[in-house]
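Heads up, the thing below is written out as structure tokens.
The values are calculated or read from the model by the stated rules, or taken from the named source; none is laboratory data. The structure displayed is predicted, hence computed values, not measured ones. FYI the Cβ positions are ideal-geometry reconstructions off the backbone, even for glycines, and counts take in every protein chain you see.
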Amino acid sequence: MTEDVVRARRFELVDQQDQLRAILTTEDGLPGLYFRDASGTTRVRVSVMPDSVGLILSDNTDMVNIGLIVSDDSEVGFTARDRGQLRVMGALQPGGNITLALWDTEGNLTHDLTQEQ
């Protein structure tokens with residue numbers, strides 16, 4: 001007999017070698033989904049936060065990543081990090097305003113652009 005509902009606070013997916021490869025859980029009452037590569041590094045994170053939802057994609061060292069956030073008030077934000085250093089940050093705000101900021105490898109802001117509609 002197949003049950004219609006399975007309930008738990010945490011689900012773990014393991015591979016054939018019993019290595020943890022994915023986690024579906026809640027943290028502070030909010031759901032999150034995490035995918036790990038064969039070395040155990042989290043490569044994809046999907047999170048629901050109090051006022052937004054986010055996605056982070058990382059390389060196998062977790063030093064380079066891209067983040068995307070969509071807020072409940074319709075703002076879209078994104079970031080790109082290289083070796084932990086923020087390099088790009090941007091946003092599309094309700095009404096069409098766009099912001100973009102760029103940093104060099106030393107962490108110095110090099111460009112800051114705002115386009116207002």
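Among (1) modelled with pLDDT under 95; (2) part of a strand (DSSP E or B), there is one condition Asp112 misses while meeting the rest; what is its number?
(1)
Say whether the condition of being in contact with a Leu (Cβ under 9 Å, 6 or more places away or on another chain), charged (D, E, K, R) and free of Cβ contacts under 8 Å to residues at least 40 places away in the same chain is met by at least one residue in region 82-103.
Scanning region 82-103, I find at least one residue that is in contact with a Leu (Cβ under 9 Å, 6 or more places away or on another chain), charged (D, E, K, R) and free of Cβ contacts under 8 Å to residues at least 40 places away in the same chain, so the answer is yes.
Only one of Met89, Met63 is aliphatic (A, V, I, L, M) and modelled with pLDDT under 95. Can you tell me which?
Answer to the selection: Met63.
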